[in-house]
Structure formats: C-alpha cells, structure tokens
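Trainee: Please find one structure pasted underneath; my questions will follow.
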Amino acid sequence: MKIQNARDEIKIATIYRVLIAFCLSSFLFLVFFAFFPRGHMVDILAPGLNVITMLLLLGYFHQNPQKHANLAIKLCAFVGLFSLVPSTYYFLIMAWLGKWRFIDEFPPITGVMIAAVAIGMIMLPKSYKKTVFIVWIIISLPIFHYLILHPDELHSLRGHELLSLLGPTSLLLYSILPYQRKILRHLDRVASLLKRTEEEAGRDFLTDLYNRRGLQGWLGQLHHDDRISVLLIDIDHFKNINDRYGHGTGDNVLVEIASRLRSIYFEKHTIARWGGEEFAVLLVNPKDNTLPYIGSMFQNALGALPCKTIGKVTVSVGISSIAHHEHFFELVDQADKALYSAKNNGRDQSVMYSDNLTQHHSQAS
C-alpha cells in the first residue's frame, strides 16, 4: 500500500510538472514572437492554443489527480505532438511554393518536438506507441524529403541541425526508451514482491489470520469516524490439549477455530491471532443493543461442533465497550479484563466489560 501510494505521488507530481512546463514553454514562444514578430500567424496561433489547452488541462487534472491522471497524460502527449504538425506543414508547403527557404523560416521547435515524442513514449500506455511513431514520421519524413531535394538548404548549418535532430538524435532516443521501460517493469516487479512480503509479514503463518502487525495496518485503513468493539477469544484448557495430544494436534485446533471464526459474523470486521491460543475480533460500527449477544454468538458457534481427535472444545470470550478506533488499546484492555472474568468464573462463557470488573493477573491454564 505504501509503495503504491509512493508511485501515485510520483506520477501525479510528474504530470503536474509536465503540464506546467509545456504551458510555460508555449507561453515563452508566444511572448518571443509577440515582441519579435515574423509575420506568420501560426507563430502566435500554435503556442497560444497550447497555452489555453494546457491551462484547461491543468484545471481538469487538479480537480481529481488520482482519477484524471491517465487521461491527462494522453491529452498532454497528443496536444504536444499534433500541435506540431500544422506548423511544420505550413512552413513546408509555403517553401515548396517558393515563398521562402524552409530553413530560414521554420521556427526553432525541433527540441520541443523531441521532448513531446519522449513524453509520449515514456508516459503513454504501450498501445499508443505506434501512434507516437506515426506522428513523428508524419513530421520528419516531409522535412527530410524537402531537404534532400534542396541541397543548398540541406548543407547549411540549420539544415545539418535539422537532419541531426530528426535523424540520429531521434534514433538514439528510441534506443534508450526501451531500457527505461524495462527499468519501470523491473521496479514494478520489485514493488509487487515488497508488497507481497509486507502482506505476509502481517499474517500469522499457521492460521493465515492477521497478526498484531497486520492488525495495526488494518486499523490504519479505517475511516476517521469509525467506532469499534474488541472481542478477545481464548480456547479453554489449551495447555491440556497440547500436553495430552501433542503440539501438532494443538496446531490443528488453532487452524480449525480460525476457520470457524471466519463464518460467524458478516458485518464489517476483522480477525487476528492475538497470541498463543487467543484470538481478537474487531467489529466495526456494531449496534449497541446487539453487542451483548455477539459474544455469546461467537462462544456458542465455536463450541457447537467437536474438533477432530479431541472432541468438544470450548472458548471464553471477553467483550469491550464501543469506542473510536483510536482507543484500540484501551478497548483491548477492557476485553482482556472481561476475558479474565469469564475464565475465572468457570470458562465456556462470554463476559462484557463493565467498570466493576477486576483484572486477575494469574491466568488459568
């Protein structure tokens, strides 16, 4: 969970930076051509539309970053790529018509083109990679074609720059990006392994219930206003079971009781092995008037059927009051006092906590 949250935070922060950078770069182009006009409407129109689009996209993304992240990535990449196509073809067509030399009028946007392709290749899903490649071909091939047929422009400094950026530099980019994606896949595998290890560390190996560590993690996922009650359930005379039948049989009894615990209560709750032969059941937002009966329900259900080899097994149950989940340890202390009362009064019963209960420090076996 923590790993996934960290990945989401990185993803959201990256999208914010890309959108803001795209918006600022387009704004700087807009300002530059406003102060140093060249007489081309596209110099103002293209960056102006990009600024407006990125601001709208920022507002949309900011409304719900988690929900809108994937769509924001796609829209940003496509706006960046497709905004370059009209500008490129405008200057190419006019150059073919003899209005000007292409290298003299084509704005210095090849760096932006490469950046847009890189963003698309890195951030878009794999299914969109062909689209990015096709757009790049649509932009670069006509420029190559024009320069090859106009050697005087090709062999200028600007012509060499365009040829280098749209050729070898792009090939280098395409060769590096697969390694970047392999690194991301490797990080995903590591994250998955760490998540699985973390989940296993929060589980009791024998019963596959939460252990105390796992229970703390579960508590951290409750809503702010959730209230809970704690039931502590102790198997009666468990030491005698181990002594008489062996620890293997004792383990089987623990597994059987854990299995039965899963099928008793169907409202929101969780179950943990609290330690030894003791289990904890946490009820979320239980009704006050039903709480006194829930302990008996667990006690009767667990003792209703005999366990294999040893026959009838009974349990004692201690029930806390209901309070906010931040008071978990206080509720455990209450349930513990009620459990000791049940055990010291003959076992095979459930007791609900009240202020007049006295804690007994010597546990009956």
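The values are calculated or read from the model by the stated rules, or taken from the named source; none is laboratory data. Note that the coordinates shown come from a computational prediction; the quantities given were computed from them, not determined experimentally. Here the Cβ is made from the backbone with ideal geometry for all residues, glycine too, and neighbour counts use every protein chain on show. Just the protein is used for accessible areas: all its heavy atoms, side chains included, with ligands, DNA and RNA removed. Shrake-Rupley method; radii C 1.70, N 1.55, O 1.52, S 1.80 Å.
Trainee: Of the conditions (1) more than 22 Å from residue 8 (Cα to Cα); (2) part of a helix (DSSP H, G or I), residue 76 satisfies every one except a single condition; which number is it?
Mentor: In the conditions (1) more than 22 Å from residue 8 (Cα to Cα); (2) part of a helix (DSSP H, G or I), residue 76 misses (1) alone.
Trainee: Another one. Does residue 276 fit the bill of being open to solvent by 10 Å² or more (accessible area, probe 1.4 Å) and either over 29 Å from residue 322 (Cβ atoms) or under 34 Å from the mean Cα position of the chain (by Cα) (or both)?
Mentor: Answer is no for this residue.
Trainee: Looking at this structure, is residue 171 open to solvent by less than 90 Å² (accessible area, probe 1.4 Å), at pLDDT 70 or above and closer than 28 Å to residue 143 by Cβ?
Mentor: So residue 171 does not fit the description; no.
Trainee: Do you know which residues across segment 5-39 are under 15 Å from residue 83 (Cβ atoms) and either of a type outside the set (A, V, I, L, M, F, W, C) or surrounded by 15 or more Cβ atoms within 10 Å (Cβ to Cβ) (or both)?
Mentor: Those that are under 15 Å from residue 83 (Cβ atoms) and either of a type outside the set (A, V, I, L, M, F, W, C) or surrounded by 15 or more Cβ atoms within 10 Å (Cβ to Cβ) (or both): 18, 19, 22, 23, 25, 26, 27, 29, 30, 33.
Trainee: May I pose another question? Residues that are over 24 Å from residue 201 (Cβ atoms), at least 1 per element: which strands (runs of 3 or more DSSP E) completely within segment 230-332 meet that?
Mentor: Strands (runs of 3 or more DSSP E) meeting the threshold: 278-284, 315-319.
Trainee: State all residues of segment 230-263 that are touching a Leu at 6+ places or on another chain (Cβ under 9 Å) and open to solvent by less than 10 Å² (accessible area, probe 1.4 Å); if no residue qualifies, say none.
Mentor: 230, 231, 232, 233, 234, 235, 254, 257, 258, 261
Trainee: Just wondering, is there one or more residues in segment 70-86 that are open to solvent by 70 Å² or more (accessible area, probe 1.4 Å), modelled with pLDDT of 85 or more and over 25 Å from residue 129 (Cβ atoms)?
Mentor: No, the conditions are met nowhere in segment 70-86.
Trainee: In addition: Which residue is surrounded by the most Cβ atoms within 10 Å (Cβ to Cβ), if the candidates are limited to segment 321-344 and must be of a type outside the set (A, V, I, L, M) and more than 18 Å from residue 212 (Cα to Cα)?
Mentor: The extreme case among them is 340.
Trainee: Right, here's the next one. Of all residues in segment 49-68, which are under 19 Å from residue 116 (Cβ atoms) and open to solvent by less than 60 Å² (accessible area, probe 1.4 Å)?
Mentor: Of everything in segment 49-68, those that are under 19 Å from residue 116 (Cβ atoms) and open to solvent by less than 60 Å² (accessible area, probe 1.4 Å) turn out to be 50, 51, 53, 54, 57, 58, 61.
Trainee: Looking at 206, 222, 194, which one is outside any loop (DSSP other than H, G, I, E, B) and of a type in the set (A, V, I, L, M, F, W, C)?
Mentor: Of 206, 222, 194, the one residue that is outside any loop (DSSP other than H, G, I, E, B) and of a type in the set (A, V, I, L, M, F, W, C) is 194.
Trainee: Quick one: residue 347 ticks every box in (1) open to solvent by 80 Å² or more (accessible area, probe 1.4 Å); (2) part of a loop (DSSP other than H, G, I, E, B); (3) not hydrophobic (A, V, I, L, M, F, W, C) bar one, so which box is it?
Mentor: Among (1) open to solvent by 80 Å² or more (accessible area, probe 1.4 Å); (2) part of a loop (DSSP other than H, G, I, E, B); (3) not hydrophobic (A, V, I, L, M, F, W, C), residue 347 violates only (1).
Here is a yes/no grid of residues against (1) at positive phi; (2) in contact with a Ser or Thr (Cβ under 9 Å, 6 or more places away or on another chain); (3) modelled with pLDDT of 85 or more; (4) surrounded by fewer than 16 Cβ atoms within 10 Å (Cβ to Cβ):
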| position | (1), (2), (3), (4) |
| --- | --- |
| 112 | no, yes, no, no |
| 116 | no, yes, no, no |
| 123 | no, yes, no, no |
| 129 | no, no, no, yes |
| 135 | no, no, no, no |
| 140 | no, yes, yes, no |
| 143 | no, yes, yes, no |
| 147 | no, no, yes, no |
| 150 | no, no, yes, no |
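Trainee: Answer yes if at least one residue in segment 91-106 is surrounded by 15 or more Cβ atoms within 10 Å (Cβ to Cβ), assigned to a loop (DSSP other than H, G, I, E, B) and hydrophobic (A, V, I, L, M, F, W, C), and no otherwise.
Mentor: Yes, that holds for at least one residue.
Trainee: Same structure, new question: Quick check on my filter: what residues within segment 72-85 are more than 23 Å from residue 141 (Cα to Cα) and in contact with a Phe, Trp or Tyr (Cβ under 8 Å, 6 or more places away or on another chain)?
Mentor: 72, 74, 76 - these are the residues of segment 72-85 that are more than 23 Å from residue 141 (Cα to Cα) and in contact with a Phe, Trp or Tyr (Cβ under 8 Å, 6 or more places away or on another chain).
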